[in-house]
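Single-structure report; data block below.
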Amino acid sequence: MDKKWMVPPGLSAEETEAIEKLSAAVKVPKLVAELLYIRGLTSEAEVAEFFKPDLANMIDPFLFKGMDLAVDRILQAIDARELITIYGDYDVDGTTSTALLYLGLKRIGARIDYYIPHRMIDGYGLSLGSLDQLKDNGSSLIISVDCGVNALDEIKAISDLGMEIIITDHHNPKKELPPALAIINPKLGDCGYPFEHLAGVGVAYKLLMAVYQRLGIDTTENTLKYMDLVAVGTIADIVPLIGENRIFASIGLQHLIEKKNLGLNALIQLCGLNQKTLDTTDIVFGIAPRINAAGRMGSAATAVELLISTDENSSIELAEMIERDNSLRQREDQKTFHEACEIIEKKYKNMAQTTCMVVSSDDWHPGVIGIVASKLVEKYYRPVIMISFKDGFGSGSGRSVADFDLFAALQHVEGNLHSFGGHKYAVGLTIYQEYVDRFENELTRYTSEHLKLDQIQPPLKVEHNIELYDINEYLLDAIERFAPFGPENLRPTFYTRQVVVASYPYNVGRNHLKLKVVKDGISLDLIGYNQGDYLTLLKKNSVIDIAYTLEYNRFGDKATIQGKLKDLKLKKEMNYA
């Protein structure tokens, strides 16, 4: 889909002067200093902290409202030999959170167990059907991770059964909070914690660190011990990689490289990833889909068993099971995507007047609809709700477009829903089949009133205009220091106008575009993932504008600079904001 390039305005004289001073102070090219400056890093100290994430800059976990109470109760349970059950979600964030608290509390003497709901049996989050089982197992204290903040009925049932619960979560809370012993959630308005972007695993980690701090065992070794799990969960959940999340991701990736976790190491080997150069892309597209596949296609308990494994052979066997789940998940993805596209093409004849899409089927596996919804948003660029029905009851996943709050939209139409939860851009819901038409009608009215027309065209933020002769190893090495890359710290996107297509473009792999461009006698190799459709528009000597990121293309011991194409515009169709 044609993207709207968001070109930054020109710099003022004051900004130019500040950037020049920053360039001299931190000894980087002016272009790199400008990239730092527009990220809000305007002083030498801020840049130093950005380039070298440090444990010393982590925030005191006891700033969370309710943390003292939660820690007291956990220590009481450990002393009294009560059984503590960690209740997690079935995605990467939930399974890494579960493994983290399970391992972290077990090593200080807790009687510990965990429970991961089965997507097909229990549904999302805390389920009433599981609570009797926890009670029968002897649990007296439950700690939820990555779920629970909106589970009013379930939390009340826990209390009625004589158990207590500490909620750790990062999802948006509704107006009424459940009657838990403590709720640790940076999204609560009065939580007291100054950083709201923690993933669920980040919140669980802060709870564990608070326990260690109270016991006086918050040594550097203990602080770092599970940072690899925190990094994987944080990166996989696509939260902003700034502040504490940047510390988690940067230091945790180093622990992955050092093979601290047997289960993760087995999975990395199975993926065929280069352990010495692991980055956020490897997590998002390599490790995370595989961990998620366990919960999508079977039981996420397999993923937790992998993450807590202390036996190398067992780790390999569990990783192979997850790999088989992932292969099955990929086949279901493709089948469901094609079926959903067919429904959309028949149902929505006038896409220019379509502000959201709701599609459903009795045949879709509920474990893949979230992934497919993301692909549909990428293709059609509309908020999408996909619903899988069984016996008249549906489980749904929704994904949104830039700057449209889908969670707020569901709040507006929640009278049609059995339950829902999530974030601005990703939601989950349950609904009875008889309410689907009314739900779609009300959601369509809401999106028509609140989704601006310019949001229908996907924006592409480009940071700087450069020429091909500006590109060299010195520039790229400086950009690499911005890693780990992720939301709110994406790899910088550059644009270059009026380059000429050299030789003939061609497709590789699954619809990926390969081409070489030249300007001022300098050439650049480009690859555009999933952009093979451009091939019919391009020919040798075509003049185009390109938006792209820069990276090293490593093959064996050789590394060359390559551009990753984000978008291109033929000279006759320029469209800039």
Evaluation of Ile165 against (1) under 21 Å from Ile84 (Cα atoms); (2) part of a helix (DSSP H, G or I); (3) of a type in the set (Val, Ile, Thr) (one fails), failing number: (2)
- prompt: Within the bounds of region 292-310, is there any residue that is modelled with pLDDT under 95, under 17 Å from the mean Cα position of the chain (by Cα), in a helix (DSSP H, G or I) and of a type in the set (D, E, K, R)?
  reply: yes
- prompt: Can you spot a residue in region 321-343 that is β-branched (Val, Ile, Thr), touching a strand residue (DSSP E or B) at 6+ places or on another chain (Cβ under 6 Å) and not assigned by TED's automatic domain parsing to the domain that holds Gln269?
  reply: yes
message: Need a quick list: helices (runs of 4 or more DSSP H) entirely within region 184-256 having at least 3 residues that are within 15 Å of the chain's Cα centre (by Cα).
response: 200-215, 227-236
field: Subset of region 493-503 (residues that are part of a strand (DSSP E or B) and closer than 12 Å to Gly563 by Cβ)
entry: Phe494, Tyr495, Thr496, Val499
message: Pairs please, first residue from region 354-382 and charged (D, E, K, R), second anywhere and surrounded by 19 or more Cβ atoms within 10 Å (Cβ to Cβ) and assigned to a loop (DSSP other than H, G, I, E, B), Cβ atoms under 6 Å, 6+ apart in sequence or on different chains.
response: Arg382/Cys356
message: Taking the conditions exactly as written (touching a His at 6+ places or on another chain (Cβ under 6 Å) and within 20 Å of Asp91 (Cα to Cα)), does Glu305 satisfy them or not?
response: no
field: Selection count, region 397-426, where residues are within 20 Å of Ile344 (Cα to Cα), touching a Ser or Thr at 6+ places or on another chain (Cβ under 7 Å) and touching a residue at least 24 places away in the same chain (Cβ under 8 Å)
entry: 1
- request: Please enumerate the residues belonging to region 16-53 that are out of contact with any helix residue (DSSP H, G or I) (no Cβ under 7 Å at 6 or more places or on another chain) and among the acidic types (Asp, Glu).
  value: Glu17, Glu46
- prompt: In this structure, is Gly148 surrounded by 19 or more Cβ atoms within 10 Å (Cβ to Cβ), at pLDDT 95 or above and assigned by TED's automatic domain parsing to the domain that holds Ala231?
  reply: no
statement: Contact list, first residue from region 271-292 and closer than 15 Å to Gln330 by Cβ, second anywhere and in a loop (DSSP other than H, G, I, E, B), beta-carbon distance below 7 Å, six or more apart or interchain, is Gly286/Leu273; Asn292/Asp91
message: Looking at Gly263, Gly272, Gly233 in this structure, which one is of a type outside the set (Ser, Thr, Tyr) and within 25 Å of Asn172 (Cβ to Cβ)?
response: Gly233
query: How many residues, within region 492-513, are touching an Asp or Glu at 6+ places or on another chain (Cβ under 9 Å) and surrounded by 19 or more Cβ atoms within 10 Å (Cβ to Cβ)?
result: 7
message: So, in region 351-410, exactly how many residues are more than 26 Å from Pro117 (Cα to Cα) and not aliphatic (A, V, I, L, M)?
response: 13
query: Is one or more of the residues making up region 52-72 free of Cβ contacts under 8 Å to residues at least 60 places away in the same chain and either closer than 18 Å to Tyr474 by Cβ or crowded, with 18+ Cβ neighbours inside 10 Å (or both)?
result: no
query: Of these, Leu443, Leu535, Leu476, which one is closer than 30 Å to Thr355 by Cβ and aliphatic (A, V, I, L, M)?
result: Leu443
- line: Residue hits (region 248-260; under 22 Å from Ile238 (Cα atoms) and either out of contact with any Lys or Arg (no Cβ under 7 Å at 6 or more places or on another chain) or basic (Lys, Arg) (or both)) are Phe248, Ala249, Ser250, Ile251, Gly252, Leu253, Gln254, His255, Leu256
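The values are calculated or read from the model by the stated rules, or taken from the named source; none is laboratory data. The shown structure was predicted, so the numbers you read here are calculated from the model rather than taken from an experiment. Note that each Cβ is placed from the backbone with ideal geometry, even for glycine, and that neighbours are counted across all protein chains shown.
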